[in-house]
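None of the figures in this text is laboratory data; all of them are computed from the coordinates on show. The structure presented is a predicted model; accordingly, all values stated were derived computationally and were not measured. Note that we place each Cβ from the backbone using ideal geometry, even for glycine, and neighbour counts take in every protein chain shown.
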Amino acid sequence: MPVNFDANRSIEDLDGERWGDPPSESTGLVQTMHALRKRPLASLTAYELGRLIGQNVGLRWTLPLALEILRDTVEINNRGGFYDDDLLTATLGRKAETWVEFPELANELKDIVTLLEDLPTHATREARRFLKTFEGWDPCHPDGHGT
């Protein structure tokens with residue numbers, strides 16, 4: 001699925017919601033989420049995208065970028081090279097409701113997962129859980145089952 005938004009803009013710019021500065025007693029995670037929302041999406045690393053996705057922040061924009069990275073690195077993974085399984089597990093770990101909201105992305109993730117080989121145990125577990133959630137489900141069909 002091609003990215004159809006300006007990735008040179010930040011989540012804050014795209015959603016129009018300004019969080020402001022985090023409270024001074026905030027955890028490191030909260031401070032990081034506030035800072036990452038202000039950065040241009042194109043400047044975010046796979047790790048940073050995974051952190052945003054893991055917190056369900058800006059999924060409309062972060063998930064398509066994550067899938068682009070995951071798709072582009074399938075071959076590297078399958079040749080035994082570096083693969084960002086943190087980004088993969090963050091993406092796979094979204095609740096079913098997320099995929100109902102973004103059915104095209106769910107289908108794309110299903111396609112990517114079926115191409116991956118020799119994942120670490122935790123990523124394999126997440127991939128199986130994700131695929132099992134959608135067995136017999138067609139997220140692009142109104143009733144979810146293509147019937």
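Data overview
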| quantity | calculated |
| --- | --- |
| Quotient of Cα Rg and 2.2 N^0.38 Å for region 1-42, N being how many residues it contains | 1.31 |
| Table column - 3J(HN,Hα) (Hz), region 8-22, Karplus curve with 6.51, -1.76, 1.60, x for Gly and Pro | 7, 9, 8, 4, 4, 5, 6, 8, x, 9, 9, 7, x, 7, x |
| Most positive-pole-ward Cα, LEU88, ALA42, LEU115, against dipole of the chain from beta carbon charges | LEU88 |
| Sparse-neighbour loop sites [trypsin sites (Lys or Arg not before Pro); region 31-101; at most 11 other C-beta within 10 Å; DSSP] | ARG79, LYS95 |
| Three-way shape call for region 1-77 based on the alpha-carbon gyration tensor, with the a/c threshold at 1.5 | oblate |
| Sites GLU117 and GLN31, calculated FRET efficiency, Cβ-Cβ separation with R0 41 Å, nearest 0.05 | 0.65 |
| Selection from TRP99, ILE69, SER26 lying farthest towards where the dipole of the chain points positive, charges on Cβ | SER26 |
